[in-house]
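Structure, as structure tokens:
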Amino acid sequence: MITDTFQSPPTTSRLVHRVAVGASFFLQGLCFSTWAARIPTVQQRLGLTDTELGGVLLAVPVGLLLSLPLSGWLVARFGSRRITVLGLSIYATVLTVLGLAETTTQLMVGLVFFGLAANMSNISVNTQAIGVEALYDKSIMASFHGVWSLAGFTGAAIGTLMIGYGTALLVHFALVTATVALGILFMRPYLLPTDSGHDPNQPIFVLPDKSLLLLGVLAFCSLLCEGTMFDWSGVYFNKVVHASTAWAGVGFTAFMSTMAAGRFVADWFTDRFGRQRTLQLSGLFTATGLVLAVLLPTLVPATIGFMLVGVGVSSVVPLVYGAAGRSTVMSPGMALAAVSTVGFAGFLLGPPVIGLVAGASSLRVSFAIIALMGLCVTVLASRARV
């Protein structure tokens, strides 16, 4: 049985809770970005072709999908504080295990558990964030996701330095694991002891209602766009924009920068203009940015377009997760798991759909179709209960 002997001090302020939950988001993002930064090293070490690497990396979403119902049940049963600590501990430990993998099979098994721990910590830390947001009685969810993005930049920068100095993979991963363990030790007592909206008499397994399904579709559309940008930005700038090698990554950098920055201002914007209006504008920004990159596929317009897409997707998932956590028919953890299941399907489907359509027509046509997903966010936001 999972135990938790720490109790939040009775005088703990909401700011302390917010910092502790923010630290949890940062530690989670640091684990993910540390792995992502060293994927080329792993590929070279195991002698994997691009096709083989693509097959190996599918193990992560397999673990994520397997853990979706489990994560929601664990949070509902044991509380998000315990599962946040457990999920982050497993996540960081498996990171070091990945550094020990010497065969493709070992790596794939490790990545399945890496994906499982990633989603376990994702559901639990977002449940914590919902609780902290309730203490503030205003929108702060997007800022937590902004901290995750900031951790992504940090992990990527550290990874670049480690590669530059020739640091062994295991040493790099072990140092990050130790850092995460230390962070857990300090922030654990200040996580929320109980979850917002949790009803001990509420059934753990309840079918999601129409409002939750609609939120899931909203997340699906936005994450489909986000997944496309993660996997195809560099290819688009290389093959369509015809950017030089030195500028091939500018599209992804532009997208990531505005997505991170957008999350730090999205809460202010949401409080001023409302959740529904924010979601509607987010969809328009996404669609406009993609259309601009399709119609004017040269360096400056395409870069501006990708920046607009970053702004567009920055607030959708935080707002959708926040709305799911306020569900009256399911516990916060289960509601988040239900919405994540639908939304994450978009993140997985986006990249292969782009490839299929591009093969049948062109990459520009693929991006034009993805722009429609942005418009869908705008339309669906008018009907969603956020």
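If you filter the stretch 79-102 down to residues that are surrounded by 23 or more Cβ atoms within 10 Å (Cβ to Cβ) and among the aliphatic types (A, V, I, L, M), you find that the one that is nearest to the chain's Cα centre (by Cα) is L88.
For beta carbons closer than 7 Å, sequence separation of 6+ or different chains, a first residue in the stretch 49-67 that is under 17 Å from I123 (Cβ atoms) and a second that is part of a helix (DSSP H, G or I) and modelled with pLDDT under 85, the qualifying pairs are P61/L348; L64/F344. Taking the stretch 246-260 as the range and being in contact with a helix residue (DSSP H, G or I) (Cβ under 9 Å, 6 or more places away or on another chain) and of a type in the set (G, A, S) as the test, the residues that pass are A248, G249, G251, A254, S257, A260.
Within the stretch 292-301, the set of residues being part of a helix (DSSP H, G or I) and either crowded, with 20+ Cβ neighbours inside 10 Å or free of Cβ contacts under 8 Å to residues at least 40 places away in the same chain (or both) comprises L292, A293, V294, L295, V300, P301. Screening the stretch 143-161 for residues that are among the hydrophobic types (A, V, I, L, M, F, W, C) and open to solvent by less than 50 Å² (accessible area, probe 1.4 Å) and picking the one that is nearest to L30 (Cα to Cα) gives A151. G164 meets each of the listed conditions (1) modelled with pLDDT under 90; (2) surrounded by 15 or more Cβ atoms within 10 Å (Cβ to Cβ) apart from (2). If you go through the stretch 314-324 one residue at a time, do you hit one that is in a helix (DSSP H, G or I), in contact with a Leu (Cβ under 9 Å, 6 or more places away or on another chain), within 18 Å of F255 (Cβ to Cβ) and open to solvent by less than 30 Å² (accessible area, probe 1.4 Å)? Yes, there is a match, as at least one residue in the stretch 314-324 is in a helix (DSSP H, G or I), in contact with a Leu (Cβ under 9 Å, 6 or more places away or on another chain), within 18 Å of F255 (Cβ to Cβ) and open to solvent by less than 30 Å² (accessible area, probe 1.4 Å). Here the helices (runs of 4 or more DSSP H) wholly within the stretch 46-98 that include at least 1 residues being under 19 Å from L223 (Cβ atoms) are 50-57, 59-78. The set of residues in the stretch 214-267 being buried (at least 22 other Cβ atoms within 10 Å of the Cβ), of a type in the set (G, A, S) and more than 20 Å from V320 (Cα to Cα) consists of S233, G251, A254.
The values are calculated or read from the model by the stated rules, or taken from the named source; none is laboratory data. Keep in mind the model is a prediction, meaning the values are calculated, not measured. Neighbour counts are summed over all protein chains in view; Cβ atoms, including those assigned to glycine, are modelled from backbone coordinates with ideal geometry. When the accessible area is computed, the model is the full protein with side chains, heavy atoms only, and any ligands, DNA or RNA have been set aside. Shrake-Rupley method; radii C 1.70, N 1.55, O 1.52, S 1.80 Å.
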